[in-house]
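Colleague: Have a look at this one before I ask anything.
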Amino acid sequence: MKKTISFNLNGQRMNLDVDPSRTLLWVLRNDLGLTGTKYGCGEGLCGACTVIIDRKAVRACTLQVKEVAGKGVTTIEGLAKNGELHAIQKAFVEHDALQCGYCTPGMIMNAYSLLLTTPQPSRSQIIDSMDGNLCRCGAHRRIIAAIETAAKQMGGAPR
Amino acid sequence: MRNDDGRPQSTHEEYLAMDFSNDPGESLPGLALDRRQFLQLVGGGILVAISTQYLEAVPQREGGRGPRHPLPEDFNAFLRIGEDGRVTGYTGKIEMGQGVITSLPQMLADELDVPLESVDMVMGDTDLCPWDMGTFGSMTTRFFGPPFRAAAAEAKAVLVELAAEKLQVPKDRLRTKAGIVYEEAGEKRVTYAELAKGQKILRHVKGANPEEPSQFTLIGKPTLRRDAVEKVTGKAKFAGDIREPGLLHARLLRPPAHGAKLTHVDVSAAREIPGVQVIQEGDLVAVLYEVPDVAEQALGSIKAQYDRTESNVDDKTIFDHLLKVAPQGQTVAEGGNLAEGEKAARQVVDQTYLNSYVSHAPIETHTALAKVEGSKVTVWASTQTPFPLKEAAASLLGLPAQNVHVIPSFVGGGFGGKSNNQQALEAVRLAKLVGKPVQVMWTRAEEFFYDTFRPAAVVKIKAGVTDAGLISFWDYGVYFAGERGSQQFYNVPHHRTVAYSSGWDGGPGAHPFATGPWRAPANNTNTFARESHIDALAAKAGVDPVEFRMRNLKDERMRRVLQAAADKFGWTPAKAPSGRGYGVACGIDAGTYVAHIAEVTVDKETGHVRVKRVVCAQDMGLCINPEGAKLQMEGCITMGLGYALTEEVQFQGGEIRNRNFDSYELPRFSWVPEIETVIIDAKNSPAQGGGEPAIICMGGLLANAVFDATGARLLQLPMTPERVKAGMPRS
Ligand code: FES
Ligand code: FES
């Protein structure tokens, strides 16, 4: 049964007529055309589908869309503002912190939530918080370096 | 390879000659556009065809076994100079993370003398790009690079010629820079864009040679990825991101095990779900819906029964099974006299090495979208082999190949696993049946189930050392891995290398499921066995493992690479096991020489191995993009931790037990060591492979480091904590 689910998506108010038990990942990718959020495992095991819900990194593949009612959702498409890359995105580019790029949106969103809660993370905090995000290409070291650079750039004032 | 003087050779040609066959296109006739068709497609601009003189540098069969198409005449239509001054490069290769989307434009821009920013690439599009057998074997830079550069060099010469006519200035007074031809000591100038405008000229210029290393401006310069902005913003399109009006998402019924036969199926519940289409055609049972999660639910409502008569072999018994069914061996290399070598040996080591099946496990699962309109087919696919896919899709539907257009998207990791195109052919078949565009995106469980695993394999080595610490004989047998990397490059007077079953598919009755090429096929297995054995010989001889290798190496290139790694690491000699946890390994892959040194710690209670530091030196000949090359080396080292330490496919007969990442452990952030990479300056020798070589040492490297730490000689990959503990010497 469809229901209207209202939430804020990348800064825009959304009223979506949708079966509330559907999976957020597929609603984003198919109903809303936001394909930057990726499928990798479907069971919360890889982090490719990471989005931000009210400042926390969440795996969209294990979440029903009704769970976001009344909340704020940010996807990778909502990170750059007015055509300007977010500091984390810039740092990923500058560090070549990706290869195939398939894990990248999930990595960036996870790092984004880390920096929201812990603006100046230690290396081991970065590793701990990123450990559930898988990258098969092996971009890990550069991802860590990129997050460190971004944290420095943002100077403890995340947005 | 036979050596008359008993000294092994290790020229890269041998490696080129035998390594890289991945033959999806083997029996498929080549199809390429003729020039006229090509011109129609690319429209205005100057199209450059390079003359055949450069193609002689390209093997007629790109290194594979069996016959190949001769290169079509217009295979060399590689670039277009647009009226807006932008340059488009065309390649049949695809981008899957290996970085040729950056290195190919570096070559093109350097040779043509245009800004790197002005170059766009069209990759793998079967209507627009020259035929290509596939992106694998670290062949893009080695084999596609030279003709691509030559095309650009000739294009520049054509432009200069056109400029000379237009400006009425003799050619030799003209120079080029940043897309402009100008008079050296004068005012006259004309842009490439102005020259190209409105022209469709095919002109050849003879003798336009690619640049010498001293002329390079972009080649050899560390350059950041050119696809990064698209990828960090989520805009980059992977196959699953393509949308077409009326698109349906398909989920297919899969057997519980390889070899299981569908005996009964009840789809009635699925048919009742509004809007769900059910397709049943022989073994093909699929449900389709506008969104994939609902299709998934519909699939779950299908009841199916299977007849399972698969073999009893499992991940423990597989090695005995393989040895039992092994075919007659083929001698790959031989020299001297083994009996004599054995007589000269003071110490002999005779050991058997095992490695399990390993999955490719790209984070992007196999995905494709197919659209069939009348007799015209368009396929967007996550594929390493767009041209073979085109042929296969055409033959599936009984259409001429030119009716099929394959458009590869960005590929979210391949590693050799995305060459079969099963998912794309499923999408094509379904799209034809339902008359609408269909997307097939495999689940993680399907990805594990249909993966063409790196084959389980066995290597038996018997070898000996003399009193002087010299290897006197080397008797090597490799079962089911394949021969890439089995050739001995140490200096051994009496040796034999035998391959039992060549290539990676094993032949009937060998593997209970499909096997295939996995990043540096065969070489991970062969290098693990060889480098472990070399280390075991060094330990027997009581010689430091780096010193032992040097003592037995005449190959200057390898000596230099090993020395570079040792210097960077700060190696100090000691006989293993020294307790320091240092390991060394070296090897050759895709023409590139690598040497690695690692430091590990081993938890003696748990058997857990922690890799602290890895240093890797690499001689890859001319390095087009040192930044990209380092990225690949780091990626290889990181990925290689997996097959060395944890990755192992669990199965019972044809049933794959690994369904997701909770039962198949990929390397994670917390595992990643400090990594230092060194690229040897070798710009005067031809460019070699970069995407695979640095992964080949990881098994032997870490096995040797574990030995050095604990005295445990691990003979099986992966080196799980249980195996490490079991291997520990009892004190
Ligand atoms: S797709 Fe959601 S965690 Fe893997
Ligand atoms: S960049 Fe390919 S999976 Fe991370």
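Every read-out reported here was derived from the displayed coordinates using simple, explicitly stated rules and does not represent laboratory data. This one's a predicted model, so the numbers in the text were calculated from it and none came from an experiment. Virtual Cβ from ideal backbone geometry, glycine too; neighbours counted across all protein chains shown.
Colleague: For the stretch B:704-717, what does the Karplus curve 6.51 cos²θ - 1.76 cosθ + 1.60, with θ = phi - 60°, yield as ³J(HN,Hα) per residue in whole Hz, taken in order and with x for Gly and Pro?
Modeller: Working through the residues one at a time gives 5, 5, 5, 4, 5, 6, 10, x, 8, 9, 7, 10, 9, 9 Hz.
Colleague: State, to one decimal in nm, how far the label point of B:ASP84 lies from the label point of B:LYS568, with both points 7 Å from Cα in the Cβ direction.
Modeller: Label-label distance for B:ASP84 and B:LYS568, simple model: 4.1 nm.
Colleague: Using only the alpha carbons of the stretch B:274-417, what is the convex hull's orientation-averaged projected area in square nanometres?
Modeller: Numbers: hull surface 65.1 nm².
Convex hull of Cα atoms, orientation-averaged projection: 16.3 nm².
Colleague: I would also like to ask the following. Starting at the first residue of the stretch A:3-8, write each ³J(HN,Hα) from the Karplus equation 6.51 cos²θ - 1.76 cosθ + 1.60 with θ = phi - 60°, in whole Hz, x for Gly and Pro.
Modeller: Couplings: 9, 8, 10, 10, 7, 9 Hz.
Colleague: Follow-up. Taking 18 Å as the cut-off for C-alpha to C-alpha distance, list the pairs among B:LYS171/B:LYS206; B:LYS390/B:LYS432; B:LYS630/B:LYS683; B:LYS540/B:LYS575; A:LYS56/B:LYS231 that go past it.
Modeller: Cα-Cα > 18 Å for A:LYS56/B:LYS231; rest within.
Colleague: From the backbone phi of the stretch B:283-294, what are the Karplus-calculated ³J(HN,Hα) couplings (6.51 cos²θ - 1.76 cosθ + 1.60, θ = phi - 60°) in whole Hz, Gly and Pro given as x?
Modeller: Taking θ as phi minus 60°, the curve returns 6, 7, 10, 9, 10, 10, 7, 5, 10, x, 5, 6 Hz for the stretch B:283-294.
Colleague: Taking the C-alpha atoms of the stretch A:3-78, how large are the radius of gyration and the largest Cα-Cα span, Dmax, in Å?
Modeller: Over the stretch A:3-78's Cα set, Rg and Dmax evaluate to 11.0, 30 Å.
Colleague: Can I ask one more? Using unit Cβ charges (K, R positive; D, E negative) and no other charged atoms, how large, in debye to the nearest 20, is the dipole of the stretch B:445-559 about its Cα centre?
Modeller: The dipole magnitude comes to about 360 debye.
Colleague: Can you list residues whose amide H is under 5 Å from B:ASP315's amide H, if they're 5+ apart or on another chain and H is modeled 1.01 Å from N?
Modeller: Excluding prolines and chain starts, which carry no amide H, the hits are B:PHE651.
Colleague: I've got another one for you. Quote to one decimal, in nm, the extra length available between B:ARG346 and B:GLU117 on full extension: 0.36 nm per residue of separation minus the C-alpha distance between them.
Modeller: Fully extending the segment from B:ARG346 to B:GLU117 adds 76.2 nm.
Colleague: Here's something else I'd like to know. Quick one: which of B:LYS156/B:LYS197; B:LYS568/B:LYS612; A:LYS66/B:LYS436; B:LYS460/B:LYS725; B:LYS261/B:LYS376 span more than 25 angstrom between C-alpha atoms?
Modeller: Details: B:LYS156/B:LYS197 15 Å; B:LYS568/B:LYS612 15 Å; A:LYS66/B:LYS436 31 Å; B:LYS460/B:LYS725 23 Å; B:LYS261/B:LYS376 33 Å.
In this structure, A:LYS66/B:LYS436; B:LYS261/B:LYS376 exceed 25 Å between Cα atoms.
Colleague: How much FRET efficiency would the formula 1/(1 + (r/R0)^6) give for A:LYS152 and A:ASP131, where r is the Cβ-Cβ distance and R0 is 25 Å, rounded to 0.05?
Modeller: Once rounded, the FRET efficiency stands at 0.70.
Colleague: Take B:GLN650, project a point 7 Å from its Cα along the Cβ direction, then tell me which residues of the stretch B:308-329 have their backbone nitrogen under 15 Å from it.
Modeller: The answer is B:314-317, whose backbone nitrogens lie closer than 15 Å to the label point.
Colleague: Taking the Cα centre of the protein assembly as shown as origin, work out the dipole magnitude from +1 charges on Lys and Arg Cβ and -1 charges on Asp and Glu Cβ, in debye rounded to 20.
Modeller: Roughly 1160 debye for the protein assembly as shown.
Colleague: Sticking with this structure for a sec: Long-range amide H contacts for B:TYR306: which residues qualify at under 5 Å (H placed 1.01 Å from N, peptide plane, sequence gap of 5 or more or a different chain)?
Modeller: Those lying under 5 Å, H to H, from B:TYR306 are B:THR263.
Colleague: For chain A, what is the mean residue ellipticity at 222 nm derived from helices alone (per DSSP H run of n ≥ 4: -39500 (n - 2.57); sum divided by total residues; nearest 500 deg cm²/dmol)?
Modeller: For chain A, the value works out to -8500 deg cm²/dmol.
Colleague: Hey, for a label at B:ARG175 modelled as a point 7 Å past Cα toward Cβ, could you say which residues of the stretch B:115-136 have their backbone N under 19 Å away?
Modeller: Hits in the stretch B:115-136 for B:ARG175 at 19 Å: B:115-116.
Colleague: Something else about it: Based on Cβ point charges of +1 for Lys and Arg and -1 for Asp and Glu, what charge dipole magnitude is obtained for the stretch B:207-299 about its Cα centre, in debye rounded to the nearest 20?
Modeller: The calculation lands at about 280 debye.
Colleague: Starting with the fewest neighbours, write out B:HIS405, B:HIS494 ranked by other beta-carbon atoms found within 10 Å of each beta-carbon. Walk me through the numbers before you get to the answer.
Modeller: Details: B:HIS405 18, B:HIS494 24.
The fewest-first ordering by Cβ neighbours comes to B:HIS405, B:HIS494.
Colleague: Could you tell me which trypsin sites (Lys or Arg not before Pro) in the stretch A:1-52 are loop residues by DSSP with no more than 10 other beta carbons within 10 angstrom of their beta carbon?
Modeller: Passing both the DSSP loop test and the Cβ count: A:LYS2.
Colleague: Next question. Quick one: which residues, 5+ away or cross-chain, put their amide H under 5 Å from the amide H of B:ILE180? H built at 1.01 Å from N.
Modeller: For B:ILE180, the qualifying residues are B:TYR192.
Colleague: Can you compute the helix-only [θ] at 222 nm over chain B? Use -39500 (n - 2.57) per DSSP H run of at least 4 residues, normalise by all residues, nearest 500 deg cm²/dmol.
Modeller: -8500 deg cm²/dmol, from helical runs alone.
Colleague: Follow-up. So if we plug the beta-carbon distance of A:GLN120 and B:GLU605 into 1/(1 + (r/R0)^6) with R0 = 30 Å, what FRET efficiency do we get, rounded to 0.05?
Modeller: 0.30
Colleague: Are there chymotrypsin sites (Phe, Trp or Tyr not before Pro) in the stretch A:60-159 that DSSP puts in a loop and that have at most 14 other Cβ atoms within 10 Å, and which ones?
Modeller: Here no chymotrypsin sites (Phe, Trp or Tyr not before Pro) fit, given the DSSP loop and packing criteria.
Colleague: Can you give the Kirkwood hydrodynamic radius for the protein assembly as shown, in Å, rounded to one decimal and based on Cα pairs?
Modeller: That comes to 28.6 Å for the protein assembly as shown.
Colleague: Which of the trypsin sites (Lys or Arg not before Pro) across the stretch B:262-367 are loop residues per DSSP, with 16 or fewer other Cβ within 10 Å?
Modeller: Qualifying residues, ordered by number: B:ARG308, B:LYS316, B:ARG346.
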